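The values are calculated or read from the model by the stated rules, or taken from the named source; none is laboratory data. These figures come from a predicted structure and were not determined experimentally. Note that each Cβ is placed from the backbone with ideal geometry, even for glycine, and that neighbours are counted across all protein chains shown.
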């Protein structure tokens with residue numbers, strides 16, 4: 001058991017180091033994040049002035065920062081798995097002493113963690129400079145960030161699930177894009193769900209995006225232990241569902257590879 | 001010169017015809033992708049509709065103005081993704097040496113790279129673009145002409161910026177995602193109500209990231225039939241295009257072959 005987890009920790013570490021060395025990629029990501037913060041800070045500043053609501057930008061920009069940390073840190077997991085399955089690369093790994101899926105997942109988490117960490121550190125500084133006082137108390141912040149990191153791991157898991165759809169689909173590009181867009185809308189990734197009509201929020205509650213994104217990120221301006229527990233419980237529920245799907249798809253894939261080869 | 005242009009046009013049309021044929025090998029798949037893209041765009045526009053429903057206007061802009069902006073942006077992006085998307089792959093071609101395949105061709109290499117990739121799903125952007133024009137509340141024949149013109153000029157600026165970003169790969173390694181992210185930032189900047197950018201925000205909006213050419217001036221051009229907006233867009237597209245070609249040519253001089261054999 002210890003040996004087995006050490007292998008996956010090593011894979012995580014390797015991928016972390018590899019992602020860390022891609023300075024140009026990370027600079028582009030940070031540039032995009034800063035531009036987003038800059039634009040939406042201006043938008044909420046203008047709306048706040050227009051509606052005479054003070055510090056509206058502070059609430060929404062901290063919210064946006066955490067939302068983007070979850071979304072932008074995702075390492076295109078679906079494309080990696082899709083390519084592995086379609087090109088037959090997966091066949092090379094099935095006889096190795098590691099689970100192919102866990103190997104790719106740990107690599108994905110390692111990759112994601114670098115972007116998440118950097119965006120969290122530098123993004124917090126920029127957001128603090130843009131908005132001054134944050135809408136949370138500082139002791140809550142590490143807990144909120146940890147919750148968001150867990151959400152990012154779940155996010156990567158969902159995209160891995162999409163990648164495994166290579167079993168049935170010739171292209172997953174549109175499916176991944178639709179998933180991303182649904183996450184933006186139902187997860188309130190740019191504008192919090194609190195500004196949407198009630199009928200829309202009622203629909204969103206039935207989707208995994210509601211807890212993975214909205215409930216988790218909302219902690220930044222509405223922290224309470226009950227909100228935190230609600231987010232954790234709902235996330236556990238959705239993770240169980242996606243794990244059932246992944247287990248089924250992966251078993252089918254393994255069987256196919258064993259019978260037909262890569 | 002005219003012959004050269006006519007040959008390039010023939011080749012362009014031939015490639016587009018092939019792209020369409022390839023896409024329609026699986027008609028169902030192609031149509032589903034277009035519909036998904038349209039739904040995808042409309043869901044983004046829905047977010048803004050919610051904001052405008054709540055707030056009415058944002059610094060003088062209403063949902064009609066946003067619809068015009070989305071119309072122009074979607075049309076420009078559709079043109080880019082359908083007819084010139086290959087330029088997005090330029091860093092990859094440079095990094096793995098497959099640029100050589102384009103350089104040995106007797107045609108203009110930038111032209112060949114640009115038309116080397118097309119995503120059929122982006123026809124959905126045209127659907128969204130025209131739909132947005134028709135719901136904008138500014139529907140007249142003159143406005144429709146100006147809408148098409150604004151989309152074309154916005155495409156040239158978008159394309160030129162992408163060429164500049166992709167050409168970074170001539171000077172530094174592993175710049176694919178850097179270019180993608182900066183390009184995304186440019187598109188995101190351009191998808192905001194231009195009225196929120198005043199003072200020094202406006203300077204950034206028109207210079208460092210020239211997204212104002214995609215949002216501010218097209219809307220002014222269509223709504224107010226502003227000659228100034230047209231001239232600024234025209235000048236912007238000419239300047240950015242020439243700059244892009246210059247940077248690409250400069251990059252080519254830096255390029256060392258990948259020694260990869262193959263002809264395209």
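Return the total of residues in region B:186-209 being more than 13 Å from every other protein chain (Cβ to nearest Cβ) and closer than 19 Å to residue A:26 by Cβ.
So the count comes out to 0.
Take the residues in region B:160-185 that are without any contact (Cβ under 8 Å) to a residue 60 or more places away in the chain and surrounded by 21 or more Cβ atoms within 10 Å (Cβ to Cβ); name whichever of them is farthest from the other protein chains (Cβ to nearest Cβ).
That would be B:165.
Within region A:194-215, work out how many residues are part of a helix (DSSP H, G or I) and more than 10 Å from every other protein chain (Cβ to nearest Cβ).
Qualifying residue count for the region: 15.
Please work out which one of (1) within 14 Å of chain B (Cβ to nearest Cβ); (2) part of a helix (DSSP H, G or I); (3) surrounded by fewer than 20 Cβ atoms within 10 Å (Cβ to Cβ) is the condition residue A:128 fails and give its number.
The number of the failed condition is (1).
Conditions (1) more than 30 Å from residue A:172 (Cβ to Cβ); (2) more than 22 Å from the chain's Cα centre (by Cα); (3) surrounded by 14 or more Cβ atoms within 10 Å (Cβ to Cβ), marked per residue:
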site: B:1; (1), (2), (3): yes, yes, no
site: B:4; (1), (2), (3): yes, yes, no
site: B:9; (1), (2), (3): yes, no, no
site: B:13; (1), (2), (3): yes, no, no
site: B:17; (1), (2), (3): no, no, no
site: B:22; (1), (2), (3): no, yes, no
site: B:29; (1), (2), (3): no, yes, yes
site: B:36; (1), (2), (3): no, no, yes
site: B:40; (1), (2), (3): no, no, yes
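Have a look at B:41, B:7, B:33 and point out the one that is within 15 Å of residue B:122 (Cβ to Cβ) and more than 8 Å from chain A (Cβ to nearest Cβ).
B:41
Quick check on region A:7-28. Is at least one of its residues buried (at least 18 other Cβ atoms within 10 Å of the Cβ), under 30 Å from residue B:51 (Cα atoms) and within 11 Å of chain B (Cβ to nearest Cβ)?
Looking for residues that are buried (at least 18 other Cβ atoms within 10 Å of the Cβ), under 30 Å from residue B:51 (Cα atoms) and within 11 Å of chain B (Cβ to nearest Cβ), one finds at least one in region A:7-28, hence yes.
Which condition breaks for residue B:121 when tested against (1) crowded, with 19+ Cβ neighbours inside 10 Å; (2) modelled with pLDDT under 90; (3) over 22 Å from residue B:39 (Cα atoms)?
That leaves (3) as the condition not met.
Taking residue B:212 and the conditions (1) more than 8 Å from chain A (Cβ to nearest Cβ); (2) touching a residue at least 40 places away in the same chain (Cβ under 8 Å); (3) surrounded by 20 or more Cβ atoms within 10 Å (Cβ to Cβ); (4) over 30 Å from residue B:255 (Cα atoms), which numbered condition does it fall short on, given that it satisfies the others?
For residue B:212, the failing item is (2).
Out of region A:158-188, which residues are touching a residue at least 12 places away in the same chain (Cβ under 8 Å) and over 20 Å from residue A:72 (Cβ atoms)?
Correct list: A:164, A:165, A:166, A:167.
Residue check: is residue A:191 more than 9 Å from chain B (Cβ to nearest Cβ) and either within 13 Å of the chain's Cα centre (by Cα) or closer than 25 Å to residue A:41 by Cα (or both)?
Judged against the criteria, residue A:191 is not a match.
Could you pull out the residue among A:85, A:114, A:46 that is within 14 Å of another protein chain (Cβ to nearest Cβ), farther than 30 Å from residue B:197 by Cα, touching a helix residue (DSSP H, G or I) at 6+ places or on another chain (Cβ under 7 Å) and in a helix (DSSP H, G or I)?
A:114
Would region B:67-86 turn up any residue that is more than 8 Å from chain A (Cβ to nearest Cβ), more than 14 Å from the chain's Cα centre (by Cα) and under 21 Å from residue A:47 (Cβ atoms)?
yes
If I filter region A:49-59 down to residues being more than 8 Å from chain B (Cβ to nearest Cβ) and closer than 23 Å to residue A:218 by Cβ, which single residue comes out as surrounded by the most Cβ atoms within 10 Å (Cβ to Cβ)?
A:57
Would you pick out the residues in region A:29-41 that are facing chain B (nearest Cβ under 7 Å) and surrounded by 20 or more Cβ atoms within 10 Å (Cβ to Cβ)?
Those that are facing chain B (nearest Cβ under 7 Å) and surrounded by 20 or more Cβ atoms within 10 Å (Cβ to Cβ): A:29, A:32, A:35, A:36, A:39.
Can you confirm whether region B:61-71 contains a residue that is closer than 27 Å to residue B:247 by Cβ and modelled with pLDDT of 90 or more?
Checked against the condition, which is being closer than 27 Å to residue B:247 by Cβ and modelled with pLDDT of 90 or more, region B:61-71 yields no hits at all.
So which residues in region A:84-103 are farther than 14 Å from residue A:166 by Cα and either touching a strand residue (DSSP E or B) at 6+ places or on another chain (Cβ under 8 Å) or surrounded by 21 or more Cβ atoms within 10 Å (Cβ to Cβ) (or both)?
A:100
Only one of A:232, A:220 is more than 21 Å from residue B:37 (Cα to Cα) and part of a loop (DSSP other than H, G, I, E, B). Can you tell me which?
A:220
Is it fair to say residue A:66 is facing chain B (nearest Cβ under 9 Å), more than 22 Å from residue A:165 (Cα to Cα) and crowded, with 21+ Cβ neighbours inside 10 Å?
When the stated conditions are applied, residue A:66 does not pass them.
Does residue A:184 meet the test of being outside any helix (DSSP H, G or I) and under 19 Å from the mean Cα position of the chain (by Cα)?
No, not satisfied.
In region B:43-60, how many are outside any helix (DSSP H, G or I), surrounded by fewer than 19 Cβ atoms within 10 Å (Cβ to Cβ) and in contact (Cβ under 8 Å) with a residue 12 or more places away in the chain?
So the answer is 2.
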